[in-house]
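Enquirer: Following this message is one structure expressed as structure tokens.
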Amino acid sequence: MAKNWAIAIGINQYDYLQPLNYAKRDALLMQEFLSNEAGFERIFFFSDDSPELAGKSTRPTRTNLLRVLRQLFDNPFMGAGDNFWFFFSGHGIRYADRDYLMPCDGDPEDIENTAIAINFVSERLRRCGADNVVLILDACRNEGKKTGEGIGRQTAEEARQQGVISIFSCIPQEYSYEIEALQQGAFTTALLEGLGIQGKCATVERLEQYLKFRVPELVRQYKNTRQTPYVIAEPVNKSHLILVSRYATLADIATLKNDAYQAEVNRNLDLAEQLWIRVLAAASGQDMEAVRSLQRIERLRNSSAIPDLPQQTIPQASKSVTNTPISKPPQIPTSKPTPPSPINNTQTSGAGQFPISTISTPSTPASPSNLILPNWSRRRVIQTAGFAVAGLGLTIAIPHFWPFDSGKTSPSNTNQTPGNVQVNITKRITSDAKDFVENLGNGITLEMVQIPGGTFMMGSPEGEAGRYEDESPQHQVKVPGFFMGKYEITQAQYQAIMRINPSQFKGEKRPVELVSWDEAVEFCKKLSQKNTEHTYRLPSEAEWEYACRAGTKTPFYFGETITTDLVNYDGRYPYGSAPKGEYRQQTTDVGKFPPNSFGLYDMHGNAWEWCLDVYNENYQGAPKDGSAWLTGKDNNRKLLRGGSWVKDVSYCRSAARPWNARTNRNNNVGFRVVAVAVA
């Protein structure tokens, strides 16, 4: 069995600091969750009155905590596939640009000699030998009042450098609140909800999303103030890691597989092995592709030659499809197609042509009857099979990453995946992002992502497969900074503002569809009226393409092509060298697939997105400042961007720009919003 250990610390009573009410209970509930639900077999629990351990006190004094950190972590005692979590609920203090945890005898007048530096804690934790370390800190109390900046800045930076998944209860400028009505801290309440049956947050990414809306919601409800939790999980594949395997979806596993393949392409066999172990764990040991990949990695380690990687099997909702290697390059049309007329679909109302497809029920995927494990040692085999119980976070080395430089293209980390399909799943571009969350009421929120200003080439080059004449000429556009919706507007969000849900494919987290351009504009107007800090509107097509590309120049922000593992489109009609894939015949929940480097989801596929602009047949005379082009031959023709679950995948390209009548309502057309500060 894989080792799953943890330290949980909760301190109510302090010798020299204001007491807390529920820190001890928070740690106790965390201990119970790890033991009863997450399969942890050993947890070191320290609280005001915790029982002795092997005849030694577990009162959370500095001496006792330092002793366990020194003695337990003197030598490595864990290995690949093992997990170690560290949870602290209590006071934390920032002093002389360093972050400290305060033990029960910590003295705020002598911090260096009585507190415990968090970087010391992280350094000791990493000595355990586990490749999965998670640091959870609810320590932004600062003596019960806010006196300057709290902990987090130093710890977050070191987490980025060391590759430790770190979860903070609030940003350094805020306070972490206890809620008397809940008999808990707001952060730990949301954390346990998210990891448990209520949130079912299988991955780091989904847990972060849950915390970002649930913690502020609780604090607004009970304290009428703000608390903003955040997670450090870099590079981006760490956010895809599966924390609770029982709640993992096929899409979660598919994303993890893509990360594993990319690690193999980069010849990072240790990381690839760790990720394939995660895949196998999430699939309860029943994924033959993971088994074959682990066997292949073992052969590569034992061979001086490095053969070509094999074909990639992509998990899908109804069946598995093997990507056949295709070396033939994409075919460029010899004659340029004419600009697209309105998308050739069957409409539900209005005067266009949009289809409404019959939805087929997916069948249950078959499991292999026999599991053949690689030729490993007995411990490795037991470890991998047993890991399915926990399947918890992963700590890996951080590769070189780049800052976003406005006006410059960020480097592309595009790799050749099995099947000769190039995809690029990137981490979010680092910047001093000031994302915000808009409260729509009744627990419904709208996450907005800050998009830094910059300059890019708009349109497609002449050699791009599937392009149309209206994507010419390519021209440079300078786009000011703005905020954009992290996801397409969901049905729950639309219902909260408009008091109606017109969608055909029902689901609170699915994008709203059957919405005309005018209705999308009306949504923005009503949303703006609820807010005094920001004005909401549809994006200009320049803003949309700039945000979609996120520094890339390829047809898709994933690279030269895409697969149905990454985007919801009609997989029967692949692009370039990609294999055929799944045709889902409906929308999917937003955020199901990997984001681009700005942290935006579903910019390719799922549902078309309305833009502000009037459709023009080319870019001659187009604005070059990122603003919407509001004049043209026919004000009834409004631009769509991004492609959808239906139609040719070439429409999903970053540069594709068909139009639709503004009055049309279609089951594959939705929208997302942008926000600008009120002047």
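Enquirer: Which of Arg226, Arg94, Arg499 comes first, and how do the rest follow, when ranked by fewest Cβ neighbours within 10 Å?
Expert: Ranking Arg226, Arg94, Arg499 by Cβ neighbours within 10 Å, fewest first, gives Arg499, Arg226, Arg94.
Enquirer: Subtracting the Cα-Cα distance from 0.36 nm times the residue separation, let me have the gained length for Tyr573 to Phe120 in nm, one decimal.
Expert: Separation in residues times 0.36 nm, less the Cα-Cα distance, equals 157.7 nm.
Enquirer: Please list, in order along region 100-110, the HN-Hα scalar couplings obtained from phi with the Karplus expression 6.51 cos²θ - 1.76 cosθ + 1.60 (θ = phi - 60°), rounded to whole Hz, x for Gly and Pro.
Expert: Result, rounded to whole Hz: 10, 9, 9, x, 5, 9, x, 10, x, 8, 8.
Enquirer: What's the extension gain from Ala96 to Asn36 if we count 0.36 nm per residue and subtract their Cα-Cα distance?
Expert: 17.6 nm
Enquirer: Here is a follow-up. Run the reach check for Lys506 against aspartates and glutamates, Cα to Cα strictly under 15 Å, same-chain hits fewer than 8 apart removed. What comes back?
Expert: Candidates past the 8-residue exclusion: Glu488, Asp589.
Enquirer: Follow-up. Grab the beta carbon distance between Asn442 and Asp634, set R0 = 45 Å, and tell me the FRET efficiency rounded to 0.05.
Expert: E(calc), rounded to 0.05, equals 0.65.
Enquirer: In a shell of Cβ-Cβ distance under 10 Å around Val68, excluding Val68 itself, what net charge do Lys and Arg (+1) and Asp and Glu (-1) give?
Expert: Residues near Val68 contribute +4 overall.
Enquirer: Now, a different point. Can you put Met603, Met457 in order of Cβ neighbours within 10 angstrom, beginning with the fewest?
Expert: Met457, Met603
Enquirer: Aspartates and glutamates within cross-link reach of Lys478: Cα-Cα under 19 Å, excluding same-chain residues under 8 positions apart?
Expert: Filter leaves Asp405, Glu541, Glu543, Glu545, Asp613, Asp625.
Enquirer: To the nearest 20 debye, what is the magnitude of the charge dipole of region 4-178 about its Cα centre, counting +1 on the Cβ of each Lys and Arg and -1 on the Cβ of each Asp and Glu?
Expert: Roughly 220 debye, rounded to the nearest 20.
Enquirer: Amide H of Tyr615 versus every other amide H placed in the peptide plane: which residues, excluding those fewer than 5 positions away on the same chain, fall under 5 Å?
Expert: Answer set, sorted by chain and number: Arg637, Lys638, Leu639.
Enquirer: Evaluate the distance, in nm, between pseudo-label points positioned 7 Å from the Cα of Lys580 and of Arg299 along their respective Cα→Cβ axes.
Expert: About 2.8 nm separates the two model spin labels.
Enquirer: What FRET efficiency do you get for Thr663 and Gln529 if R0 is 30 Å and r is their Cβ-Cβ distance, rounded to the nearest 0.05?
Expert: Efficiency for this residue pair is about 0.80.
Enquirer: Continuing with the same structure: Could you check what % of the DSSP bridge pairs in region 445-677 are antiparallel, to the nearest 5?
Expert: Counting DSSP beta bridges with both partners in region 445-677, the antiparallel share is about 90 percent.
Enquirer: Expressed as a whole percent, how much of the Cα-Cα distance distribution for region 6-144 exceeds 26 Å?
Expert: Tail of P(r) above 26 Å: 18 percent of Cα pairs.
Enquirer: Which of the pairs Lys212/Lys526; Lys624/Lys647; Lys553/Lys624; Lys200/Lys580; Lys434/Lys638 have their Cα atoms more than 22 Å apart in this structure?
Expert: Violating the 22 Å limit, Cα to Cα: Lys212/Lys526; Lys624/Lys647; Lys200/Lys580; Lys434/Lys638.
Enquirer: Computed FRET efficiency, Cβ-Cβ of Arg246 and Glu462, R0 51 Å: what is it to the nearest 0.05?
Expert: Result of the calculation: an efficiency of 0.50.
Enquirer: If you count the DSSP beta bridges with both ends in region 4-178, what percent of them are antiparallel, to the nearest 5?
Expert: Expressed as a percentage, antiparallel bridges in region 4-178 total about 25.
Enquirer: Sticking with this structure for a sec: On full extension of the chain, what length is gained from Ile197 through Val676, given 0.36 nm per residue of separation minus the C-alpha to C-alpha distance?
Expert: 168.8 nm
No lab work stands behind these numbers, since they all come straight from the coordinates. None of these values were measured; they are calculated from a predicted model. Cβ sites come from the backbone with ideal geometry, for glycine too, and all protein chains shown count toward neighbours.
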